1. For segment 175-244, restrict the atom set to alpha-carbon positions and state the Rg and Dmax in Å.
2. Give me the one-decimal Kirkwood hydrodynamic radius in Å for the chain, with the sum taken over alpha-carbon pairs.
3. Let me check I have the definition right: for segment 66-201, take the eigenvalues of the Cα gyration tensor, multiply each by 5, take square roots. What are those semi-axes in whole Å, largest first?
4. If you place +1 on the Cβ of every Lys and Arg, -1 on the Cβ of every Asp and Glu, and leave all else neutral, what size is the dipole of segment 80-189 about its Cα centre, to the nearest 20 Debye?
5. Taking H placed 1.01 Å from N in the peptide plane, check which residues at least 5 places from residue 161 or on another chain put their amide H under 5 Å from its amide H.
6. Could you rank the peptides 212-220, 136-144 by their average count of other C-beta atoms within 10 Å per residue, with the highest value first?
7. Taking Cα centroids, how far is segment 162-200 from segment 54-74 in Å?
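FYI, it's all coordinate maths here, none of it is from the lab. These figures come from a predicted structure and were not determined experimentally. All Cβ positions, glycine included, derive from the backbone under ideal geometry; neighbour counts span all protein chains shown.
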Amino acid sequence: MDKILADKHFKVVDYFQKSIDVFPSVDIKGGVVITYRDAKTEFEPIGFFSEYEELKSILQKVLSHQGFVKNEFSNLISSQGLYKFSEVAFNEHPEIYEVQGNGTAAKITSNAFEHLPHIFHEEEPDNPDVFIRILGRSKNQRVYKWIEKRYTLPTDGYCESYNVLVPEANGTGAIGEVLSTPVIGVPVIGHTDTFLSIGKFTDAQQADRCLKYVKTKFTRCLLGTLKATQHNPRETWANVPMQDFTSGSDINWDVPIPEIDRQLYSKYWLSDEEIQFIEQNIKSMA
């Protein structure tokens, strides 16, 4: 994809945000783009494509900011399917193989909540030190269940840290959508593959500040530059700039989210027109 966007012989001819305008019976997330390539003619490389000129200029200002490092924030985000069944779990409960769907391998899925109630317990056990809590979905609701630690694989420090837990997928990919109720995960709280962890923070305060950052219109605007479907994998957060979530931050995190947004607009030198674009197109989150 990067090769195409940098190709001087390639250009966008037309774009349809709603695929039904081209294919009435087909829903294509992200829309439909008509392109043209001419090996004998040079065009301006696409670089980043958007129907919104304001979004292009906002992204350019962020990417050219002296403190921006590509993927620095997205590196805080776990891979999809972070929590997995261990070999011990498979050896003691081979029925797990029957529950796991094709392609899920050892990932702990919400499907397991329904089919493995003898492994995932609803009530807190008498010896919680040898268990972890797993956030997942059951009957279209978020629920927490308990599983023995030995039945799960190590998570590179995520399970032992404070994190912001966000859904792996939500919405349609349209710019400005809210994220479905991100929450803070304290140590020894994990999740099924329907969620992602952001952080590995050492304290709850940093996680809370990151949660506020994720809820800002500024952050979700930049997420929208790469999120074209309902999925929010690590790669879609690559254009979101890293912030300092400690007490030494240049952002005052102790104010309401709209105030944090205003600080971010100022930090990245956004114009009145760019600010207006964000305020009008990105939905608020409490």
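1. According to the Cα coordinates of segment 175-244, Rg and Dmax are 12.2, 34 Å.
2. Details: mean 1/r = 0.0476 Å⁻¹.
One decimal place: 21.0 Å for the Kirkwood radius.
3. Details: eigenvalues 139, 59, 43 Å².
Calculated on Cα positions only, the semi-axes equal 26, 17, 15 Å.
4. Numbers: 9 positive and 15 negative charges, 68 e Å.
Computed charge dipole of segment 80-189: roughly 320 debye.
5. Here 188 satisfy the definition.
6. 212-220, 136-144
7. Comparing the Cα centres of segment 162-200 and segment 54-74, I get a distance of 22 Å.
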